[in-house]
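The values are calculated or read from the model by the stated rules, or taken from the named source; none is laboratory data. It should be emphasised that the depicted structure is a prediction, and the values quoted were computed from it without experimental measurement. With ideal geometry, Cβ positions are generated from the backbone for all residues, glycine too; neighbour counts draw on all protein chains shown.
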Amino acid sequence: MAITAKFYPSAVKSMFNGTMNSGSSYKMALLSSSGSFNGSHTNFSSLTGLQTSGTGYTAGGATVTVGPATSNSTKTQIPVSSASWTNATLVFQNAVIYEPAGGNLLMHLSFDFEQGVELQTFSINVPDPSPSATPL
């Protein structure tokens, strides 16, 4: 299962101006396969209608830790902890990581095809190596 991870342009700007920080708690929410996902989205509230639902899934998603960022001469990487749902039955194809306090979107995760989970513990591990600072 391939995962494409990209940062929302507004998140990169927020990191530079200090309104979004790594090392903080964020949320990972699962979204359906319908809808349009692009860099014009800045807040989780614009995507809540696309959020999946199902057994074992709480609206708003699971808590993840983001950062701290590391960099070298060619890229900056931001690690994200895994998210898990217990005894889950649901279908999704996308996920977003966002800041719960203000709803600011950080990262979009896109799966190659719709994912189905039935009555099992399910975890999403953001790709390793950590996503690089590449805008959506």
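Per-structure values
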{"item": "Residue ID - farthest from the chain's Cα centre (by Cα), chosen from residues in the stretch 67-88 that are in a loop (DSSP other than H, G, I, E, B) and polar (S, T, N, Q)", "result": "Ser73"}
{"item": "Within the stretch 56-75, tally of residues that are farther than 17 Å from Ser24 by Cβ and surrounded by 13 or more Cβ atoms within 10 Å (Cβ to Cβ)", "result": "3"}
{"item": "Residue that is modelled with the lowest pLDDT, among those in the stretch 15-66 that are among the small types (Gly, Ala, Ser) and in a strand (DSSP E or B)", "result": "Ser25"}
{"item": "Subset of the stretch 85-116 (residues that are over 16 Å from Ile3 (Cα atoms), surrounded by 15 or more Cβ atoms within 10 Å (Cβ to Cβ) and free of Cβ contacts under 8 Å to residues at least 60 places away in the same chain)", "result": "Trp85, Ala88, Thr89"}
{"item": "Lone unmet requirement of (1) modelled with pLDDT of 90 or more; (2) within 13 Å of Ile124 (Cα to Cα); (3) not hydrophobic (A, V, I, L, M, F, W, C) for Ser82", "result": "(1)"}
